[in-house]
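Note sheet for the following structure.
Read-outs: derived from the displayed coordinates by stated rules, not from any lab. Computed from a predicted structure; not experimentally measured. Neighbour counts are summed over all protein chains in view; Cβ atoms, including those assigned to glycine, are modelled from backbone coordinates with ideal geometry.
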Amino acid sequence: MRKNIVVAILSVILFASCAETRIKEHADWGKFFESRGIKKACFMLRDNNHESIHYYNKARCTERFMPASTFKVFNSLVALETAIAPDDQLVITWDSVARREDCDKDLTMREAFKASCLGYYQEIARRIGPTKMQHYLDTVKYGNMKMGGRIDNFWINQSLQISADEQTGFLKRMYFAELPFAERSQRIVKTMMLQEQTPRYNLYYKTGTGPIGDKYIYWVVGFAERIEHVKEPKGSMNKSDVRNYPYFFALNFEMPQADTSQDWFKARIEILHDVLKEYGAIPK
């Protein structure tokens, strides 16, 4: 009996130690932020191939912030699922409110997503309505699931909040079509997120930016596919020698609104590439 107890205890200890090796802090990733003068930042990466989690600044990775334009991923899914948007070619007429040149025109959903046009997605949210939107927020358990204020601004007014950790979990479920949406809806949104396509990797992401007091928060969330070619043995059920290995990520940082010393929109993409290359999710 005593021997069995000892074996059970050792098994628990061994399991715990194995699980711990799958969660790793990368304090050195801080150099990519600090070299640009960024002090408050985090990076979360889920390596699906090794079932491991890697992060920089754990406390911030689990802290919730407004999603800003990264919410366009969720908003698009709901629009497709409810047939508010029959497909990604739904055209919405410009409301004549001047915002940005690339948004001040009639747009399809795919075009509005790529250009991150607020007006288009505010109209999408109004057409979805608060009842259906809340239903999907609750069903998916997206962040804190709160819709304060108007239906067309709750993701930019501090009501709805989500953490970097939650963002990667949400995107992983979408990648594998495990969200409570039709596979078609998830597949369409995934293609809308594709930003870089190369022979060695594909990079999908959505950015987001918004004011928090006197600061701006900058987001990038998405996933990378590292492309590998393998030699399949004769008679294999796999008909292709191409394998896509996914990595899910979310980064955010904040800077004073008055700080225009750098192009922070560009900097966040550079940091994304730096970390993914260092980890090996995309080639150097």
Q) Separation between the HIS273 and ALA115 pseudo-spin-labels, each 7 Å from Cα along Cα→Cβ, expressed in nm? A) 2.5 nm
Q.
Residues of the range 26-61 with the amide nitrogen closer than 14 Å to a label point 7 Å from the Cα of ASP214, along Cα-to-Cβ, please.
A. none
Q. With respect to the cross-link table entries LYS141/LYS277; LYS24/LYS114; LYS114/LYS172; LYS146/LYS266, which display a Cα-Cα separation exceeding 28 Å?
A. LYS141/LYS277; LYS24/LYS114; LYS146/LYS266
Q: Provide the gained length on full extension for the span ARG187 to VAL91, in nm with one decimal, where the gain is 0.36 nm per separating residue minus the Cα-Cα distance.
A: 32.6 nm
Q) Each residue of the range 88-96 in order: what ³J(HN,Hα) in whole Hz does its phi give by Karplus 6.51 cos²θ - 1.76 cosθ + 1.60, θ = phi - 60°, with x for Gly and Pro? A) 7, 9, 4, 9, 10, 5, 4, 7, 6
Q. Given ALA281, VAL189, THR70, which one lies farthest toward the positive end of the charge dipole of the chain, if we put +1 on the Cβ of every Lys and Arg and -1 on the Cβ of every Asp and Glu?
A. ALA281
(Q) Amide H of GLY210 versus every other amide H placed in the peptide plane: which residues, excluding those fewer than 5 positions away on the same chain, fall under 5 Å? (A) ILE217
Q) Pairs LYS31/LYS215; LYS72/LYS231; LYS206/LYS284: which exceed 27 Å Cα-Cα? A) LYS72/LYS231
Q.
Which one, PHE113, THR82, ILE92, projects farthest toward the positive side of the charge dipole computed for the range 25-279 from Cβ point charges (K/R +1, D/E -1)?
A. THR82
(Q) Using a Gaussian network model on the chain with a 10 Å cutoff between Cα atoms, which of GLU225, GLU166, GLU25 fluctuates the most? (A) GLU25
(Q) Taking the 0 to 90 degree range and rounding to the nearest ten, how far is the long axis of helix 72-81 tilted relative to the main principal axis of the chain, both from C-alpha atoms? (A) 80 degrees
Q) Considering amide H positions built from the backbone, and no H for Pro or chain starts, which residues 5 or more places from PHE181, or on another chain, come under 5 Å of its amide H? A) none
**Q.** Linear extension gain, ILE151 paired with GLU228, 0.36 nm per residue minus alpha-carbon span
**A.** 23.4 nm
Q: Report, in degrees rounded to the nearest 10, the 0 to 90 angle that the Cα long axis of helix 130-140 makes with the longest principal axis of the chain.
A: 10 degrees
**Q.** Cross-link reach list, aspartates and glutamates versus LYS39, counting only Cα pairs under 12 Å and skipping chain neighbours closer than eight places
**A.** GLU254
Q. For the chain, with only Lys/Arg (+1) and Asp/Glu (-1) charged at the beta-carbon, what is the dipole magnitude about the Cα centre, in debye rounded to 20?
A. 740 debye
Q. Tell me, in nm to one decimal, what length is gained between ASP102 and HIS26 on full extension, where the rule is 0.36 nm per residue of separation less the Cα-Cα distance?
A. 23.6 nm
